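Where a number appears in this text, it was derived from the coordinates with a stated rule and is not lab data. Note that this is a predicted model, so its numbers are computed, not measured. All Cβ positions, even for glycine, are placed from backbone atoms using ideal geometry, and neighbour counts span all protein chains on display.
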Amino acid sequence: MIRLLIGFAIALSVGLTGIGGGSFTVPALLLIAGLPPAEAVGTTFVFAGVLRLVAAPFYLAARQVHSRYFRLLLIGAVPGLMLGMVALRILAKQDSNALIVLLVGILLTLSSSVTFVPRAQAPSFACKNARWLPWLAFPIGVESGFSSAGAGALGTVLLLNYSEMAPAQVVGTDLVFGLVLAMIGSTIHWTFGSISTVVLLQLLLGGIPGVIVGCMLSRKLPAQKLKAVVAAIAICAGLQLVWSGARALGIKNAANRTPIPARVAGTVRP
């Protein structure tokens with residue numbers, strides 16, 4: 001039951017603001033469901049992809065997707081996505097679960113904190129300097145590939161502050177952008193077998209109704225204020241992951257430094 005509620009709450013945020021699919025799901029699967037990091041990221045990719053697939057028609061029908069910016073973001077983000085997934089795969093093979101948790105927590109905290117950092121607004125930046133969008137999207141792809149978070153949170157922040165689009169069009173463009181990244185990531189993770197089918201189905205049972213409700217309410221609620229709340233909760237989740245990862249690393253290092261116990265009395269020594 002708890003996973004259905006988690007799926008509904010996360011999907012509601014995705015439908016309303018376009019963010020939260022990776023920022024919320026990975027911490028929930030790591031801290032509540034107890035999945036290994038690589039499996040949590042893989043399951044999140046599929047879950048977020050399905051949510052965005054359901055939400056995308058609402059924004060496409062309302063013509064709230066900027067096709068040129070969408071294309072430029074993908075040019076930079078897809079190579080970054082591949083790099084991030086390779087890094088995650090290497091660390092997972094080395095049994096570095098605690099390190100992955102720590103890094104995911106740091107990335108999530110930093111990306112969510114951007115929402116509250118005072119910054120110069122440049123609404124005409126994307127229009128006048130569109131060639132820079134792929135370069136700005138590259139690190140978003142890296143983070144998305146490594147933690148499945150970023151495509152929503154960072155993409156939305158980038159477009160809100162450096163493009164001339166209205167908030168609703170920013171959400172629509174970023175949502176479809178995140179959909180493509182999620183589809184690519186889901187395919188690769190499915191090939192690797194790093195997806196928990198049972199957990200995924202439970203999340204989707206609550207998530208599909210949640211994202212539909214979110215899309216229907218998106219025009220009636222103040223999305224900007226809701227994004228601040230979403231970012232604040234994501235920061236808390238990120239800090240929790242940082243603490244959990246650092247604590248696990250500390251325990252592991254302490255265990256490695258523990259001297260080997262003396263031989264059992266009576267054992268013949270060479």
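Between SER67 and LEU31, the modelled label-to-label distance comes to 4.2 nm, taking each label 7 Å out from Cα in the direction of the beta carbon. Here the peptides 3-9, 75-81, 163-169 are ranked by packing, the mean other Cβ count within 10 Å, and the order with the highest first is 75-81, 3-9, 163-169. Full extension of the chain segment joining ARG219 with LYS128 gains 29.8 nm, where the gain is 0.36 nm per residue of separation less the Cα-Cα distance.
Packing, taken as the mean count of other beta carbons within 10 Å per residue, orders the peptides 204-210, 63-69 from highest to lowest as 204-210, 63-69.
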